[in-house]
Amino acid sequence: MTRAVCPGSYDPATNGHLDIIGRAAKLFDEVVVAVLINKNKRTLFSVEERTEMLREVTAQWPNVRVDSWHGLLVDYCRENDIKAIVKGLRAVSDYDYELQMAQMNHQLSGVDTLFMPTNPLYSFLASSLVKDVATYGGDVSSLLPPSILHRLNLRLAERR
């Protein structure tokens, strides 16, 4: 069985994330969407909330499962017999950072990273940008799955 992991903070998951996950699901027997826990990041949603939302929106792919992890991604890969990391690239600026991470991950564990160019519809899309726009009342409905949009709107209303 070929396994890959799509890691990220997913705060919140966007249509761009789902595009990469769905395309990876066609290439691998199993894709694990790993919500990475980064104590240095202030998130809008808890790990549990992000995991729950991702389970809802990835249910359409039977070979996708959602998990969370605190620590080195390569340790997660080793513990779960995962040989590939799938990363979406929006722009050349993503490549510079992701290449360093890929080389480090390979050096540490032998796990390979596969870069998947994002769909041009989502090349500008980042969770942080979506949160910023939504905070000021901008329409982000075309950028998020409806269930995540609903939860984002509820969370932002709680904070007003």
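Each DSSP beta bridge with both residues in the range 3-123 is either parallel or antiparallel, and the antiparallel ones are about 0%.
Ordering PHE45, PHE28, PHE124 by how much accessible area each has at a 1.4 Å probe, largest first, what is the list?
On the way: PHE45 5, PHE28 35, PHE124 115 Å².
Largest to smallest exposure gives the sequence PHE124, PHE28, PHE45.
Extent of the chain along its three principal axes (Cα atoms, max minus min coordinate, largest first): 46, 31, 31 Å.
Between amide H atoms placed 1.01 Å from N, distances below 5 Å from VAL64 occur with VAL31, all of them 5 or more places distant or on a separate chain. For the chain, averaging the sequence separation of C-alpha pairs within contact (under 8 Å, six or more residues apart) and dividing by the residue count gives a relative contact order of 28 percent. Probing with 1.4 Å while keeping every protein chain in the model, the per residue accessible area of the chain equals 56 Å². Per-residue accessible area (protein heavy atoms, 1.4 Å probe) orders MET1, MET53, MET101 as MET1, MET101, MET53, starting from the largest. Taking a point 7 Å out from the Cα of ASP67 in the direction of its Cβ, the residues of the range 82-99 whose backbone N falls within less than 13 Å of it are 82-85. Got a number for carbon plus sulfur as a percent of the range 84-147's accessible area, 1.4 Å probe? The value for the range 84-147 is 59 percent carbon and sulfur by accessible area.
Using a 1.4 angstrom probe with every protein chain in place, what is the largest-first accessible-area order of TYR97, TYR136? Walk me through the numbers on the way to the answer.
Working: TYR97 130, TYR136 195 Å².
The residues order as TYR136, TYR97, largest area first.
Computed from backbone phi with θ = phi - 60° and the Karplus coefficients 6.51, -1.76 and 1.60, the 3J(HN,Hα) list for the range 55-60 is 4, 4, 7, 9, 4, 5 Hz; x is used for glycine and proline.
Could you state, as a whole-number percent, how many of the C-alpha pairs of the range 106-160 are farther apart than 14 Å? Counting pairs separated by more than 14 Å, the tail of P(r) holds 63 percent. Extension gain, ASN119 to ALA157, is 10.6 nm, computed as 0.36 nm per intervening residue step minus the present C-alpha separation.
The values are calculated or read from the model by the stated rules, or taken from the named source; none is laboratory data. Small disclaimer: the values here were computed from a predicted structure and weren't measured. As a convention, Cβ positions derive from the backbone with ideal geometry for all residues, glycine included, and neighbour counts pool all protein chains shown. The protein model used for the area step is the full one, side chains on, heavy atoms only, and it has no ligands, DNA or RNA in it. Shrake-Rupley method; radii C 1.70, N 1.55, O 1.52, S 1.80 Å.
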